[in-house]
Amino acid sequence: SIVVLGSTNMDLVAYVPRAPALGETVTGRSFRTIPGGKGANQAVAAARAGAEVAMIGAIGTDGFGAQLRATLEHCAVDTDLLRTVEGPSGTAHIVVDDEGGNAIVVVPGANGTVTSLTHGDEALIGTADTLLLQLELPLPVVVEGAATARRLGVRTVLTPSPAQPLPPELLAATDLLVPNEHEAAALTGLADPRAAAEALLRDVPEVVITLGAAGSLYAARGAEPVAVPAPRVRAVDTTGAGDTFVGALAVALGEGRPAPEALAWAQTAAALSVRREGASTSMPYRVDIEAAFRS
Ligand code: ADP
């Protein structure tokens, strides 16, 4: 099974002809609320890809919190250890203009209250084969989660997003690091993915760098890197592609598939998701991934 230690956010998205400057008001075309947060997105992706998934994190006591919990439960994600804390849920305030450009303000809200693990959290992590981590919770709890998983023999998969310098103790407890190419460049100062992967292998045993429509690159210590091309699809909305990829990758690796095949399977899932609008709402189910993977 998979445990996710991560964020839940409500994305509040306004579609506008052009973004307002400071002090200016513009009239938007439309508005949507979309359940998100990298943690919750990866949990939904992994559940739809066929794993048993539980989520550790926090929602607020506002209406968004109830919606976020309900969305996870609807996707069969276990939320018993998702705390409800007094105050607002995490929100992402997103403005999307007609060119598809965006400006985003993230307010962590309840996510910011998750600063350490409970005994229940530790026990849950101990039952999993994989712990998925991102950087949208306070860094100390991410470090604690990774270290706990490492101690208990649970595989740790870290998505280093939003990009920031990683403390050595976090890298030391990471089995698989999955940056996109921008994050890989930010972490290493190297724009070339192969060079970045090689540099990252000094800190972690396995790296996957996602390359958008170009697919992904797998690198492990002592082996030649493997580039896996992505299926060619007409992309409608790539929001959440990376989270779909990571969720599905964790499922495939947990089933014992060899890395190159697991990457190809995860890319099949991610490609299906970019063909539809939305992040979690566009994530494919296992039957659809399998059908597309075989064809
Ligand atoms: P992020 O969403 O974190 O920025 P990427 O853009 O690298 O990450 O996308 C993650 C994965 O999603 C890629 O490795 C690829 O498999 C898939 N993907 C993203 N965009 C496309 C696309 N236009 N066509 C096919 N697959 C895509």
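Please give the strands (runs of 3 or more DSSP E) falling wholly within segment 14-94 in which 1 or more residues are in contact with a Phe, Trp or Tyr (Cβ under 6 Å, 6 or more places away or on another chain).
Ranges flagged: 30-36.
Consider segment 264-276. How many of its residues are more than 8 Å from the ligand (Cβ to nearest atom) and under 17 Å from the mean Cα position of the chain (by Cα)?
The total comes to 4.
Within segment 169-176, does at least one residue satisfy the condition of being within 15 Å of the ligand (Cβ to nearest atom), under 22 Å from T148 (Cα atoms), in contact with a Ser or Thr (Cβ under 8 Å, 6 or more places away or on another chain) and aliphatic (A, V, I, L, M)?
Yes, segment 169-176 contains a residue that is within 15 Å of the ligand (Cβ to nearest atom), under 22 Å from T148 (Cα atoms), in contact with a Ser or Thr (Cβ under 8 Å, 6 or more places away or on another chain) and aliphatic (A, V, I, L, M).
Show the residue pairs that are 6+ apart or on different chains and have beta-carbon atoms under 6 Å apart, the first residue being within segment 229-245 and part of a loop (DSSP other than H, G, I, E, B), the second being modelled with pLDDT of 95 or more and more than 7 Å from the ligand (Cβ to nearest atom).
Taking only residues 6 or more apart or on different chains, the pairs are G240/N41.
Between A185, A213, which is assigned to a helix (DSSP H, G or I) and more than 8 Å from the ligand (Cβ to nearest atom)? Working first, answer last.
Working: A213 fails: more than 8 Å from the ligand (Cβ to nearest atom).
Result: A185 is the single residue among A185, A213 that is assigned to a helix (DSSP H, G or I) and more than 8 Å from the ligand (Cβ to nearest atom).
Taking the conditions exactly as written (in contact with a Gly (Cβ under 8 Å, 6 or more places away or on another chain), in contact (Cβ under 8 Å) with a residue 40 or more places away in the chain and either surrounded by fewer than 19 Cβ atoms within 10 Å (Cβ to Cβ) or acidic (D, E) (or both)), does R275 satisfy them or not?
Considered against the rule, which asks whether it is in contact with a Gly (Cβ under 8 Å, 6 or more places away or on another chain), in contact (Cβ under 8 Å) with a residue 40 or more places away in the chain and either surrounded by fewer than 19 Cβ atoms within 10 Å (Cβ to Cβ) or acidic (D, E) (or both), R275 comes out as no.
So in segment 216-251, with the set limited to residues that are among the charged types (D, E, K, R) and more than 8 Å from the ligand (Cβ to nearest atom), which one is nearest to H182 (Cα to Cα)? Walk me through how you get there before you give the answer.
Here is the first cut: in segment 216-251, the residues among the charged types (D, E, K, R) are 221, 224, 232, 234, 237, 243.
With more than 8 Å from the ligand (Cβ to nearest atom) added as a condition, the list becomes 221, 224, 234, 237.
Details: R221: 22, E224: 22, R234: 22, D237: 18 Å.
Only one residue tops the list, namely D237.
The values are calculated or read from the model by the stated rules, or taken from the named source; none is laboratory data. Fair warning: this is a prediction, and the values are worked out from it, not measured in the lab. As a convention, Cβ positions derive from the backbone with ideal geometry for all residues, glycine included, and neighbour counts pool all protein chains shown.
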